[in-house]
Amino acid sequence: EDQVTQSPEALRLQEGESSSLNCSYTVSGLRGLFWYRQDPGKGPEFLFTLYSAGEEKEKERLKATLTKKESFLHITAPKPEDSATYLCAAYSGGYQKVTFGIGTKLQVIP
Amino acid sequence: EAEVAQSPRYKITEKSQAVAFWCDPISGHATLYWYRQILGQGPELLVQFQDESVVDDSQLPKDRFSAERLKGVDSTLKIQPAELGDSAMYLCASSLMDTEAFFGQGTRLTVV
């Protein structure tokens with residue numbers, strides 16, 4: 001059974017304090033790894049897709065990386081507006097099966 | 001910018017009543033997903049369509065839930081009868097082949 005595990009479940013950072021979120025996955029035939037941001041009461045907002053080990057993608061203060069077993073979302077000098085839940089999802093199989101982790105709830109304190 | 005449209009945004013219903021949610025995917029997106037998200041958890045796939053065909057409904061409680069996507073465009077998810085444990089956010093998403101999915105704003109269901 002495909003499985004996606006995210007850690008930590010919650011993370012509290014001071015503004016400007018860089019850190020990383022982890023997403024480990026066990027899936028059959030990974031075809032891609034997605035990262036989403038979700039604000040309270042809203043649908044997930046797409047951030048990145050990573051397709052192969054060694055790939056990196058960046059957007060403002062966020063950088064996503066991928067290895068054969070896990071992905072990291074690095075947050076550099078975060079601001080309070082980066083506070084949200086960050087979800088990763090593994091995309092596999094012949095019909096685009098997408099399995100989500102439970103997310104990491106990030107709080108950035110001014 | 002193209003968006004996935006969902007309605008209603010909020011729904012309160014009594015236990016044992018029927019409830020329906022509607023989703024209009026981004027134009028041209030053949031794949032449509034319905035997810036359920038309980039507070040503090042990640043989205044859980046209920047049903048996945050490729051055009052008008054169901055490709056995965058293994059986690060859909062078929063005794064009370066049904067989904068259809070007539071003509072391969074918009075979709076409806078129905079619950080009958082609703083139970084207290086169905087209270088959750090119901091999310092619709094759509095994608096092109098082999099690409100990321102884009103989500104709507106969801107329907108927050110409260111069963112009382």
Condition check for A:K105: at pLDDT below 95, under 23 Å from A:E9 (Cβ atoms) and surrounded by fewer than 21 Cβ atoms within 10 Å (Cβ to Cβ): no
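Is it fair to say A:A89 is within 30 Å of B:F49 (Cα to Cα), hydrophobic (A, V, I, L, M, F, W, C) and modelled with pLDDT of 95 or more?
Details: within 30 Å of B:F49 (Cα to Cα): yes; hydrophobic (A, V, I, L, M, F, W, C): yes; modelled with pLDDT of 95 or more: yes.
Considered against the rule, which asks whether it is within 30 Å of B:F49 (Cα to Cα), hydrophobic (A, V, I, L, M, F, W, C) and modelled with pLDDT of 95 or more, A:A89 comes out as yes.
Does at least one position in segment A:23-39 carry a residue that is of a type in the set (K, R) and touching a strand residue (DSSP E or B) at 6+ places or on another chain (Cβ under 6 Å)? Full working, then the answer.
Residues of segment A:23-39 that are of a type in the set (K, R), as a first pass: A:31, A:37.
Within this subset, residues satisfying the condition of being touching a strand residue (DSSP E or B) at 6+ places or on another chain (Cβ under 6 Å) are A:31, A:37.
Within segment A:23-39, one or more residues are of a type in the set (K, R) and touching a strand residue (DSSP E or B) at 6+ places or on another chain (Cβ under 6 Å).
Across segment B:69-85, what is the total count of residues that are at pLDDT 95 or above and either touching a Ser or Thr at 6+ places or on another chain (Cβ under 9 Å) or within 21 Å of B:D24 (Cα to Cα) (or both)?
Step one: of segment B:69-85, the residues at pLDDT 95 or above are B:69, B:74-85.
Cutting the leftovers down to either touching a Ser or Thr at 6+ places or on another chain (Cβ under 9 Å) or within 21 Å of B:D24 (Cα to Cα) (or both) gives us B:69, B:74-83.
The number of residues fulfilling the criteria is 11.
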Members of segment A:43-63 found to be closer than 28 Å to B:A5 by Cα and among the small types (G, A, S), listed by number: A:G43
Segment B:39-52 - residue that is facing chain A (nearest Cβ under 10 Å) and surrounded by fewer than 16 Cβ atoms within 10 Å (Cβ to Cβ) and, of those, nearest to the chain's Cα centre (by Cα): B:E44
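Just for segment B:74-101: of the residues that are among the hydrophobic types (A, V, I, L, M, F, W, C) and closer than 28 Å to A:Y51 by Cα, which one is surrounded by the fewest Cβ atoms within 10 Å (Cβ to Cβ)?
We begin by selecting, within segment B:74-101, every residue among the hydrophobic types (A, V, I, L, M, F, W, C); these are B:77, B:79, B:82, B:84, B:88-89, B:91-93, B:96-97, B:101.
Filter again for closer than 28 Å to A:Y51 by Cα, leaving B:91-93, B:96-97, B:101.
On the way: B:L91: 28, B:C92: 27, B:A93: 29, B:L96: 14, B:M97: 10, B:A101: 28.
Checked segment B:74-101; the qualifying residue surrounded by the fewest Cβ atoms within 10 Å (Cβ to Cβ) is B:M97.
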Any hit, segment B:21-29, residues being within 11 Å of chain A (Cβ to nearest Cβ) and within 26 Å of A:V4 (Cα to Cα): no
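Looking at B:S66, B:S58, which is the one that is within 14 Å of chain A (Cβ to nearest Cβ) and either exposed (fewer than 14 other Cβ atoms within 10 Å of the Cβ) or in a strand (DSSP E or B) (or both)? Spell out the reasoning first.
Numbers: B:S66 fails: within 14 Å of chain A (Cβ to nearest Cβ).
Exactly one of B:S66, B:S58 is within 14 Å of chain A (Cβ to nearest Cβ) and either exposed (fewer than 14 other Cβ atoms within 10 Å of the Cβ) or in a strand (DSSP E or B) (or both), namely B:S58.
Return yes when B:M89 is hydrophobic (A, V, I, L, M, F, W, C), more than 23 Å from B:L39 (Cα to Cα) and within 14 Å of another protein chain (Cβ to nearest Cβ) and no when it is not. If you could, list the steps in order and put the result at the bottom.
Values: hydrophobic (A, V, I, L, M, F, W, C): yes; more than 23 Å from B:L39 (Cα to Cα): no; within 14 Å of another protein chain (Cβ to nearest Cβ): yes.
Answer is no for this residue.
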Given (1) within 11 Å of another protein chain (Cβ to nearest Cβ); (2) assigned to a loop (DSSP other than H, G, I, E, B), index of the condition B:Y33 fails: (2)
Subset of segment A:63-81 that is in contact (Cβ under 8 Å) with a residue 24 or more places away in the chain and within 13 Å of the chain's Cα centre (by Cα) - its residue that is nearest to the other protein chains (Cβ to nearest Cβ): A:A64
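Please state which one of A:Y86, A:Y51 is closer than 25 Å to B:S94 by Cα, surrounded by 21 or more Cβ atoms within 10 Å (Cβ to Cβ) and of a type in the set (F, W, Y). Break it down stepwise before answering.
Values: A:Y51 fails: surrounded by 21 or more Cβ atoms within 10 Å (Cβ to Cβ).
After applying the criteria, what remains is A:Y86.
Just to be sure I understand, how many residues within segment B:74-105 are assigned to a loop (DSSP other than H, G, I, E, B), closer than 26 Å to A:A90 by Cβ and in contact with a Cys (Cβ under 8 Å, 6 or more places away or on another chain)?
We begin by selecting, within segment B:74-105, every residue assigned to a loop (DSSP other than H, G, I, E, B); these are B:74, B:80-83, B:87, B:96-101, B:104-105.
Subset that is closer than 26 Å to A:A90 by Cβ: B:96-101, B:104-105.
With the extra rule that they be in contact with a Cys (Cβ under 8 Å, 6 or more places away or on another chain), the set shrinks to B:104.
Of the residues in segment B:74-105, 1 are assigned to a loop (DSSP other than H, G, I, E, B), closer than 26 Å to A:A90 by Cβ and in contact with a Cys (Cβ under 8 Å, 6 or more places away or on another chain).
The values are calculated or read from the model by the stated rules, or taken from the named source; none is laboratory data. This is a predicted model, so every value here is computed, not measured. All Cβ positions, even for glycine, are placed from backbone atoms using ideal geometry, and neighbour counts span all protein chains on display.
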